[in-house]
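The values are calculated or read from the model by the stated rules, or taken from the named source; none is laboratory data. Keep in mind that this is a model prediction, so the values were computed, not measured. Counting neighbours? That spans all protein chains shown, and the Cβs are built from the backbone with ideal geometry, glycine included. Side chains are part of the model used for accessible areas, which takes the heavy atoms of the whole protein and leaves out ligands, DNA and RNA. Shrake-Rupley method; radii C 1.70, N 1.55, O 1.52, S 1.80 Å.
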Amino acid sequence: VYVETWKNGYTQFPSQVLKAAVGVDSRPAGQAQDPGDPAAATQRRGRDLLQETLIAAHRQGLHYIAWFEYGFMAAYKDTDNHLRRLKPHWLTCTREGETVSGQNPFVWMNPLHPEVQRFLLDIILEAVERYDLDGIQLDDRIAWPVEMGYDAYTRRIYAEQHDGAEPDRKSTRL
């Protein structure tokens with residue numbers, strides 16, 4: 001059984017790592033989990049979906065895989081979540097400075113940023129240490145799209161490694 005454990009900027013379990021980063025331990029009431037959530041769904045507070053489904057799976061003799069589907073994705077398009085509001089320096093952007101590109105409708109955390117790397121690793125480790133998981137899965141969103149990577153942090157690192165040069169803004173390659 002694969003269950004989404006990290007999605008749209010929130011964990012599907014109470015997380016002290018998430019709380020330390022953005023002040024909430026899971027999706028709060030009033031916050032949509034998915035952009036298409038009906039209004040009634042946004043009124044329910046996040047729950048420990050990981051624990052609930054893990055117990056049910058193991059009772060049936062099934063293996064349980066915590067799926068960190070969103071990886072470095074922080075939000076879908078115009079989703080307004082705590083991570084996006086409180087950690088804008090963690091986000092990467094297009095050459096035009098947009099956090100969402102026309103080619104990919106998601107907001108991406110910068111995989112190059114050490115705080116972002118630590119955050120994602122700590123959320124995964126927290127789940128592994130707290131729950132009797134049979135495995136984890138990281139998706140293809142563990143890297144960033146080629147049109148992203150032009151945020152101030154990445155441009156600074158690039159300049160340090162390329163004698164002060166700026167990334168080529170005409171190409172999709174850094």
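Summary table
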{"quantity": "Condition check for PHE106: touching a residue at least 24 places away in the same chain (Cβ under 8 Å) and within 30 Å of ASP132 (Cβ to Cβ)", "calculated": "no"}
{"quantity": "Residue ranges of strands (runs of 3 or more DSSP E) in the range 63-174 with at least 1 members loosely packed, with under 14 Cβ neighbours inside 10 Å and not basic (Lys, Arg)", "calculated": "135-138"}
{"quantity": "All positions within the range 109-124 that are without any contact (Cβ under 8 Å) to a residue 24 or more places away in the chain and not basic (Lys, Arg)", "calculated": "PRO114, GLN117, LEU121"}
{"quantity": "Top-ranked residue in the range 28-58 [being in contact with a Phe, Trp or Tyr (Cβ under 8 Å, 6 or more places away or on another chain), assigned to a loop (DSSP other than H, G, I, E, B) and open to solvent by 30 Å² or more (accessible area, probe 1.4 Å); ranked as modelled with the highest pLDDT]", "calculated": "ASP48"}
